[in-house]
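Here the structure comes first, spelled out in structure tokens, and everything after it is commentary.
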Amino acid sequence: SAEPKGKDAEVTILVSSLTYSFPHFVFLQEQLEDEAAKIGKVKVLRADGQLSAPKQIADIEAAIVQGVDGIIIAPADADALAPAVKAAIDAGVPVVTIDRPVNGVPEVLANVAADNVKGAERQGEAIAAQFPKGATIINLQGIPGDKTANDRNQGVHTTLDKQPDLYKFVSEQTARFSRDQGLAVTENILTGLAEVPQVIVAANDDMALGAAQAVEARKLNGKVAIYGYDGSTDALKAVSDGSLAATVDQFPGKQGRVAVKTLVDFIREGVKPANANILVEPVAITKANLADAERIGTITQ
Amino acid sequence: MTAIGSDAGTTASGGVTPPETSFLSLENLSKSFFGVTVLDRVSLALHPGKVHALLGENGAGKSTLINLLSGIHKPDGGALRLDGETVELTGPHDAQKRGISTIHQEFSLFPDLTVAEAIFAGRLPLNRFGLVHWRRMAQQTAEVMRQLGAEIAPWRRVADLSIAEQQLVEIGRALTLKSRLIIMDEPTASLTPREVDRLKAVVRALTAEGVSILFVSHRLEEVKELADSFTVLRDGVVVARGDIADATIDDLVRWMVGRELLEEDCSHAPSKSGAIVLEVEALKSRPHSARSASVEGVSFTVRAGEIVGLAGLVGAGRTEIARLIFGADPIGGGAIRLNGQAFRPKGPGDAIAAGVALVPEDRKQQSLFPTLAISENFAAAGGVPTGPFGILRRKAEKGAFQHFRDRLKLRSAGANAPIATLSGGNQQKVVLARWLELKPRLLIVDEPTRGVDIGAKADLHRLLRELAADGVAILLISSDLPEVLALSHRILTLRAGRLTGELAGSDADEESLMRLMTLPKAAA
Amino acid sequence: MSLASSPPLARQRPANLIALLARFAPLIFLLLLMALFTFLAPRFLSSLNLFNILRQVSIFGIVAVGMTFVILTRGIDLSIGALIALTGLVAAVVAKGGIPGRLELTAGGGPFAWYWAALAAIVVGGVAGVLQGVFVARLSVPAFVVTLGGMTIFRGLALIIGNGGPISGFDESFGWWGRGMVGAVPVPVIVFLVVVVIAGFVLHSTRYGRSVYAIGSNPEAARLCGLNVNRTLISVYALTGLCAGLGGFLLASRLNSAEAVAGNQYELNVIAAVVIGGTSLYGGTGSIAGTVIGTLLIGVLLNGLVILNVSPYVQQLLIGAIIVGAVTFDIFIKKYKR
Amino acid sequence: MSLASSPPLARQRPANLIALLARFAPLIFLLLLMALFTFLAPRFLSSLNLFNILRQVSIFGIVAVGMTFVILTRGIDLSIGALIALTGLVAAVVAKGGIPGRLELTAGGGPFAWYWAALAAIVVGGVAGVLQGVFVARLSVPAFVVTLGGMTIFRGLALIIGNGGPISGFDESFGWWGRGMVGAVPVPVIVFLVVVVIAGFVLHSTRYGRSVYAIGSNPEAARLCGLNVNRTLISVYALTGLCAGLGGFLLASRLNSAEAVAGNQYELNVIAAVVIGGTSLYGGTGSIAGTVIGTLLIGVLLNGLVILNVSPYVQQLLIGAIIVGAVTFDIFIKKYKR
Ligand SMILES: Nc1ncnc2c1ncn2[C@@H]1O[C@H](COP(=O)(O)OP(=O)(O)OP(=O)(O)O)[C@@H](O)[C@H]1O
Ligand SMILES: Nc1ncnc2c1ncn2[C@@H]1O[C@H](COP(=O)(O)OP(=O)(O)OP(=O)(O)O)[C@@H](O)[C@H]1O
Ligand SMILES: [Mg+2]
Ligand SMILES: [Mg+2]
């Protein structure tokens, strides 16, 4: 592809985020832009993927027309976005995928990701660690059919299904990633169950926080361990005060910083990363390792 | 009498100074749509306690004038004087507040509301807690309906009423408004003599109280009887005005039409009495829950070349019979035979395929396609055959339409204009043309001349006679008894869903018909 | 028309069983559904669960009451979900005394009390409703378009205010409205009841209420009758906006958090509830009582299917089928009655 | 009525500038918007970008054409987004020869060719449309309710078929339909054009098309004119279903993947496009040409705002405002003309 632009060249990159309605991606973006500002002379354009592959394709096509120097994308669909990513690279625009890869495009400069399946495995392991003798579990899933929801569901299951006699999923329902439904669905599930379950595992923090409220309203605090996912500010607060047992941090900020650095280095100096697959290891955050959480600084206010 | 003569150009420009007793006067009002002048410097004065008739052919500008008076349209020029003061009406509400209430030609009520609520819409009576006073409302509704001689319960849903009943509700609404001027745009067009008589009595009572009435009707006998004075419009210009006592019906017609009208041929060419086309036996409609009457055990025949009139009071069930035959409503019992064969249409489509046509009574609800053009409205029933794959042949449509347009003297800007730009009577002509173009063997017409002026009415009568002469069987439903008498070879009378008698057209007169129409059921 | 909708008809005595059935069709459907759920999962009928359902539908129901007014005038409001998110965030911002680093809002040093937050949410909802109403009434833009636009705009505003994230953690008095109890009854349920009673009364017994029916039945005729059609139309959107504002406040209070994605697709469930309750999308017929039944039906459905632990995929299928079924049942019986 | 919509106005010679403006209001709005974008970002007008826009709107536009028929009859179809997902998955399952471990579908050993996949998608779309049409026409359930239910049901079915996940990776010939080119023109654009031409002809020049207008204009009068109202109503939903099926196939082909969350909230944009094009939600007026303009307007808007690098939150705001603005502009000019 194109020649390196030189060390101090003005660089414009497009970030096609999966969505800007989820705090996870908003935080990722903020950190990414912060890093860009630190690097200097990097202009970051935002495109909201709205969880839709066609929308992201359209945005990439527009960006190529616009003549950006590089693209960072968190793809909604690994297959659907492959042709558009390929087209961008063919047009001389380097692409870094973030959060998850696209399929079958080896020309991608780098994939910076924390695998959702892996993160959910950490979630499952945290449960197994806290309940070595087994547990009854409520599983709150995300939007049906959504890629993130599927991956996180899969991760939890692969870990805990290894010991099917110990870990029993007594109810698996969707709460569509929302706090409102997390609350209502948990209330309903609790009513329907003869026995109070030991664990509620949720595919994001919002649902977990909703579930925590349902549990609190039933005066079951402390009797049910609730596991969230994302490491959001509210969830970290909840972990520190004990209403959540754990959350999973995928370090979106780090992902954003690495992605923009990698991309700009390549654009300016033609430097390719040593390994095209830059994985950020997700970590389950409990009270014990709270300090490791990326957003721990935000909970004091 | 101040008939201004038929030469329109020299007339109304000379502004007549209204007498000081006039409650409302119009001075040189003008109005045009899309650059076409519809009213040209019209002046008019209305006096308390007097009935003023506004006459003119279809499309002469009567309804437009009324729309100016009731605040719906704003005049392009001229002035409106109320009690001597120039006013500008800002809207219908403003007109109402100033004591002008209007019964519109194309009235529209609230289908989902009850009769009582429709009558009091916008001014529901309140009780001492400021809440709607349902009981008082029902009482007053019952009272005004009684005045009009209509047995319509206050809590009936408006949607369940026939067009005539709705007309009475609309009249009732205007009466309860206690206005100083009541404008009536063809209030009697779908009413039968009994209701018309009641209305006349009501109008007289109102004028005795000093209310002023502006009255529009194409039934000139009625006008003659009721009005004190008149104004004739032609093409938006006042061509004559004066005291009704000084004008004969022939004069009025001449001013309206601008020519001598051919004396209508009332002799009944004895029908050539062809084969029986329609045979109805013990026909019954499906019972409805809130029904005051439904058709029960009706039997009759119509032969080719014969015009059979169906007479009855409002709500007698004439429309229902027509709809049953046409397949518009499901049949509750009995049999229909068409050309000797059992006929049980599943819908109007079947009936049309079998050569039956129905011109429905309610133009607005049942006939017009408001968003379509005149020519499309005309062709809507498929009178003009389409090409292969149902491809439209617009030229042929236009040609066919042209034919009726000339024949029925339809006034319109062009066949492609929206139907809404036509006057009420002209819309009716388009609807008639739609069904005639189908060349049916059995033609059912329900109030075919509703709102049609006498000139066009005569044309239409001639047309119906010709069709009969060509062997079409015609079932004629009309609340205009003179029309029924003039056209029918035979007349059937109906009351409360049952036939009460049959008269030969030549023997019948209004009196004998009225007697049969009001007979109690038992005497059938 | 159903469930004692328009008073004069209500006073007619139903002629027979079918007429009776027709009048109470939505209620009958609801009871049948509840019977089925109880049969399959006896726990469903516990008083705890019934209160659960009531608590869950209360916010939703408040908005449905407003929507009833709009639909009665032949209108529709697709913006309420977004408006709930927006007003919730407004309440949150006021209660937190601003947005850190972007906006400072303080009342004599401390953050504002709950009533200022509630007021702000309700006022913003009302203003948003008025604006939409003006487009619908004065400029005759179809309500579908106006409120579809409104939906996107309000969601955009909510995202801007919250910057994509939640605002959470309010004081006790703020939280009481969503999570408190009066005796055994959750506070939002009481608020819902109050709204229902007021709205039912206004709709059925005041001139204003009757004019809503008249306008929905025939706007042209209403204009000719001197009803102030424009003002009434604007008022119904304003009312729905107020309800959404109240709903947004209650939701923020209940969740102890407000965010821009709250209330997503709420509008569809709310409209379904109103229509299931027998209010016609063609305007002119319907009732608050019906809307309450419709709201409960949706609540019972969402709750019952979860209690039965039906797979989420199959749930979607069943919810769709039951919504269509309920409306079809109502329409079919009414048709049969004729 | 706009853009040579229903013939009557089209053939009337416009009396003056305002009448001309009124007739082409949506087009004028589109051109103004394009001029603005070009002014702000000259790159916008490059032929590459214009083809981009065309490719992006083509699937969406095909469905909008079907929706035009439905809206002309006073109906609405909220289910198309879900139906696109469902039919896309059906095409995918057929093209992949079944669902591993659950369903085996093979044609003489190998998987089915693209045309079987396309056919399956279109047939499923058509059948779904017919079913919805039957509820609307024969049982008189409001279209809003039927298709809202349909939306949930089809989405549920799609989830069940795909078991929540995507099905991806098709052969070249399958992919050609979504990603191929004929000369400089993308294949879906050609498909879109073909659909537009056929639909325009049917709607404006055949008896069937006119009956669609008549039924939307006055259903009761249409029935009394002997038009088969029920059959026509069913047919328009079937048509929209067919279009959604075609759209589902093209989308799967374009994305090389089908999944249950595809086409989410498509319906709202599609309806917006139809209405922006001057088709009235009250039925009886509108045109295919208008819908094409409306579709382009939405496409230009989404593309242009990204090229201008407007913040995503503000984009939402602007999209809502411009949609309302376009319709208001159209209505306002038409009113002024009178
Ligand atoms: N909105 C409109 N747009 C264009 N032309 C109109 C409109 N309304 C009325 N016209 C035209 O104005 C003329 C007068 O119509 P008007 O309705 O006043 O007639 P009318 O005297 O009431 O006739 P009728 O006896 O048939 O009711 C007609 O030529 C009609 O076509
Ligand atoms: N759908 C309906 N529900 C209840 N009552 C109805 C319905 N349709 C008609 N009716 C009633 O049936 C009776 C017969 O009506 P129909 O329209 O046949 O009378 P008509 O002789 O044509 O009189 P006119 O048209 O002058 O009122 C009327 O009392 C009418 O109100
Ligand atoms: Mg008139
Ligand atoms: Mg009749």
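The values are calculated or read from the model by the stated rules, or taken from the named source; none is laboratory data. All figures in this text were calculated on a predicted structure; none of them were measured in a lab. Because the Cβ atoms are built from the backbone with ideal geometry, glycine has one as well, and the counts that use them run over all protein chains shown. Surface accessibility is based on the protein's heavy atoms, side chains included, excluding ligands, DNA and RNA. Shrake-Rupley method; radii C 1.70, N 1.55, O 1.52, S 1.80 Å.
General remarks:
- Here the range A:117-177 exposes an accessible surface that is 52 percent carbon and sulfur, computed with a 1.4 Å probe and the other protein chains kept in place.
- Heavy-atom accessible area, probed at 1.4 angstrom with all protein chains present, ranks D:L268, A:L160 as D:L268, A:L160, highest first.
- The label point for B:A469 and the one for A:E107, both projected 7 Å from the Cα toward the Cβ, are 8.7 nm apart.
- Just so you know, the Cα atoms of the range A:22-126 work out to an Rg and Dmax of 14.3, 47 Å.
- Partner shielding of D:200-209 amounts to 4, given as the average count of beta-carbon atoms from other chains within 10 Å of each residue beta-carbon.
- Prolate/oblate/rounded call for chain C, Cα gyration tensor, a/c under 1.5 rounded: oblate
- Partners for A:K55 among aspartates and glutamates (Cα-Cα distance below 18 Å; same-chain residues under 8 apart left out): A:D77, A:D79, A:D99, A:D146, D:E259, D:E267
- Angle in degrees between helix A:147-160 and the longest Cα principal axis of chain A, rounded to the nearest 10: 50 degrees
- Interface area, C with A, accessible, probe 1.4 Å, both sides summed, Å² nearest 100: 2500 Å²
- The accessible surface of the range D:223-337, taken with every protein chain in place and a 1.4 Å probe, is 66 percent carbon and sulfur.
- Surface accessible to a 1.4 Å probe, B:E510 within the full protein complex, Å²: 90 Å²
- Label-point separation in nm, A:K272 to C:A35, each point 7 Å along Cα→Cβ: 7.2 nm
- The alpha carbon convex hull volume per residue for the range C:54-122 rounds to 108 Å³.
- Accessible area per residue (1.4 Å probe, heavy atoms of protein chains only) ranks D:M67, C:M151, C:M181 as C:M181, C:M151, D:M67, with the largest value leading.
- Shielded residues, the range D:221-247 - accessible-area loss of 30 Å² or more between chain alone and all protein chains, probe 1.4 Å: D:A221, D:R223, D:L224, D:C225, D:G226
- For B:T102, the amide hydrogen comes within under 5 Å of the amide hydrogens of B:I183, counting only partners 5 or more places away or on other chains and with H modelled in the peptide plane.
- When you work out D = kT/(6 pi eta Rh) for the range D:273-338 at 10 °C and 1.306 mPa s, using the Kirkwood radius from C-alpha pairs as Rh and the Stokes-Einstein form, the result is 125 µm²/s.
- Translational diffusion coefficient (Stokes-Einstein; Kirkwood radius from C-alpha pairs) of the range C:137-215 at 10 °C, 1.306 mPa s, in µm²/s: 95 µm²/s
- Buried between D and B is an accessible area of approximately 2500 Å², summed over both sides with a 1.4 Å probe.
- Partner shielding of C:250-258 amounts to 4, given as the average count of beta-carbon atoms from other chains within 10 Å of each residue beta-carbon.
- Taking the C-alpha atoms of chain B, convex hull volume expressed per residue in Å³: 159 Å³
- Under 5 Å, built H, 5+ apart or other chain: amide partners of A:Y167: A:A135
- Across every direction, the projection of the convex hull enclosing the Cα atoms of the protein assembly as shown has a mean area of 58.7 nm².
- Cα point-scatterer Debye curve for the range D:148-288, base-10 log of I(q)/I(0) at q = 0.14 Å⁻¹: -0.84
- All other residues whose Cβ lies under 10 angstrom from that of C:R179 are scored, Lys and Arg at +1 and Asp and Glu at -1, for a net of 0.
- Membrane-span-like helices in chain B, defined purely by DSSP H runs whose alpha carbon atoms cover 27 Å or more axially and whose average Kyte-Doolittle hydropathy reaches 0.0, do not occur.
- Cα centroids of the range C:146-186 and the range D:130-154: 33 Å apart.
- With the convex hull of the Cα atoms taken as the outline of the range B:20-76, the averaged projected area works out to 4.3 nm².
- Which of D:W114, D:W176 is most accessible, then next, and so on - probe 1.4 Å: D:W176, D:W114
- Accessible area per residue, Å², the protein assembly as shown with all protein chains present, probe 1.4 Å: 36 Å²
- Mean per-residue shielding of peptide A:171-179 is 5, counting Cβ atoms of other chains within 10 Å of each Cβ.
- Selected from D:A326, D:A41, D:A222 as most flexible by GNM, with chain D as the system and alpha-carbon contacts under 10 Å: D:A41
- Buried on assembly, the range B:394-429 (at least 50 Å² less accessible surface than by itself, 1.4 Å probe): B:R394, B:N416
- The D and C chains share an interface that buries close to 3700 Å² of accessible area, total over both sides, probe 1.4 Å.
- Candidate lysines for bridging to D:K334, where Cα separation is under 30 Å - those fewer than 8 sequence places away on the same chain excluded: B:K31, B:K62, B:K74, B:K364, B:K395, B:K398, B:K429
- Within straight-line cross-link reach of B:K178, lysines at Cα separation under 19 Å, skipping those fewer than 8 residues along the same chain: B:K50, B:K97, B:K200
- The range C:71-187, accessible surface, carbon-and-sulfur percent (1.4 angstrom probe): 69 percent
- Copies compared at D:I190 - label distances in nm, ascending, label defined 7 Å from Cα in the Cβ direction: 7.0
- Rounded Å value of the spacing that divides the Cα centres of the range D:39-104 and the range C:240-319: 29 Å
- For chain B: relative contact order, % (alpha-carbon pairs under 8 angstrom, 6 or more apart): 16 percent
- Estimated FRET transfer efficiency when R0 is 41 angstrom, pair C:K335-B:V36 (beta carbons, to 0.05): 0.35
- Given A:K38/A:K261; A:K7/A:K272; A:K133/A:K168; A:K5/A:K41; A:K38/A:K272; A:K7/A:K86, the pairs whose alpha carbons are separated by over 18 Å: A:K38/A:K272; A:K7/A:K86
- Chain D, closest residue to the rotation axis toward C, by beta-carbon, whole angstrom: D:Q265, 4
- Residue among D:S47, D:S211, D:S173 with the largest mean-square fluctuation in a Gaussian network model of chain D, springs linking Cα atoms under 10 Å: D:S47
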